[in-house]
Amino acid sequence: MGAHVLPLAILHTGAAGPARREYPERTRPEHSVAVVDRSARCLPMTVGTGYRCTLMIGHRTPEPHESVPQRVVDSVRAAAWGGVVLPRTRVSDYVVFPVVEIDTQVWEERVAGGHGPEPDRSTLGIWESWTTALGASPPRPAVSIAGFVSTAAKPTDALNALDSLAGYGAGLWLTSGVRGPTTWTLSEFDLAEIYVVREQSDDLDVLVEGRRGPVATARRMASLRHKEELLFGWALATGYSPANAGSTTSMR
């Protein structure tokens with residue numbers, strides 16, 4: 001994974017609300033997505049209430065052939081999930097296919113207004129705790145997480161990944177093979193409220209109906225907004241758009 005330095009605009013915290021981040025064309029990597037905050041160096045301004053920051057972020061350029069396998073899309077349909085399946089990526093150290101629901105209005109407003117994906121956790125923490133008393137509202141999330149699909153060969157790997165991400169969305173394990181999962185394996189996924197869909201020939205069978213959305217104890221926090229912003233960037237980088245946002249069909 002390479003690294004790229006992006007000069008960020010002033011981050012105001014005054015009554016006028018959060019300032020828009022400006023990404024000069026010459027420094028914005030085309031079709032890239034921020035995936036991790038490496039470090040942020042911020043110096044207080046001599047005038048005003050903000051800071052000028054240089055944020056080091058990692059990014060990678062998606063390969064032209066990256067897409068979502070049809071069997072993954074079909075498994076999401078079989079589970080009757082809404083949303084759009086994005087190409088496989090790493091979320092919190094787990095390789096999964098994210099499924100997101102796109103807010104068309106917010107997406108178009110943010111793209112038109114230059115409010116791209118925001119990877120800075122500190123900024124997102126401020127946004128998530130924003131009140132009307134602080135002024136104009138910060139950008140809203142362009143995508144929300146419906147869940148994640150794992151195609152791991154080992155059930156323990158799938159269970160570990162999807163259970164670890166349960167605070168952010170639902171989980172679905174797509175499995176194939178002649179024998180299929182054991183009764184014990186299915187009971188483990190049932191206990192964790194994770195969907196199990198088995199692919200066999202041209203058929204897909206839902207063996208376990210799991211939970212919709214995150215676990216009941218989950219609360220909206222900056223960490224969730226961080227995932228949403230990264231997946232907003234991933235959707236942009238891999239060629240998705242709000243077109244047919246309610247479907248589970250690839251929108252490339």
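Side notes on the structure shown:
- For segment 89-123, a residue qualifies if it is aliphatic (A, V, I, L, M), closer than 16 Å to LEU230 by Cα and over 14 Å from the mean Cα position of the chain (by Cα), and the qualifying residues are VAL106, VAL111.
Rundown of residues vs (1) among the polar types (S, T, N, Q); (2) farther than 25 Å from VAL106 by Cα; (3) modelled with pLDDT under 95, yes/no style:
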position: ALA142; (1), (2), (3): no, no, yes
position: ILE145; (1), (2), (3): no, no, no
position: ALA152; (1), (2), (3): no, yes, no
position: ALA161; (1), (2), (3): no, yes, no
position: LEU174; (1), (2), (3): no, yes, no
position: TRP184; (1), (2), (3): no, yes, no
position: SER201; (1), (2), (3): yes, yes, yes
position: VAL206; (1), (2), (3): no, yes, no
position: THR217; (1), (2), (3): yes, yes, yes
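- For segment 182-204, the set of residues classified as outside any helix (DSSP H, G or I) and without any contact (Cβ under 8 Å) to a residue 40 or more places away in the chain consists of THR182, ALA192, GLU193, ILE194, VAL196, ARG198, GLN200, SER201, ASP202, ASP203, listed by residue number.
- Matching residues in segment 137-151 - criterion: being touching a residue at least 40 places away in the same chain (Cβ under 8 Å) and either open to solvent by 60 Å² or more (accessible area, probe 1.4 Å) or more than 30 Å from GLY114 (Cα to Cα) (or both): SER137, VAL149, SER150, THR151
- Any hit, segment 163-181, residues being under 20 Å from GLY210 (Cα atoms), in a helix (DSSP H, G or I), open to solvent by 30 Å² or more (accessible area, probe 1.4 Å) and not hydroxyl-bearing (Ser, Thr, Tyr): yes
- Which listed residue, of ALA170, ALA166, ALA133, is out of contact with any strand residue (DSSP E or B) (no Cβ under 7 Å at 6 or more places or on another chain) and within 23 Å of ALA216 (Cβ to Cβ): ALA166
The values are calculated or read from the model by the stated rules, or taken from the named source; none is laboratory data. For clarity, every value in this text was computed on a predicted model and none was experimentally measured. Don't worry about glycine lacking a Cβ; one is built from the backbone with ideal geometry, like all the others, and counts go over all protein chains shown. When the accessible area is computed, the model is the full protein with side chains, heavy atoms only, and any ligands, DNA or RNA have been set aside. Shrake-Rupley method; radii C 1.70, N 1.55, O 1.52, S 1.80 Å.
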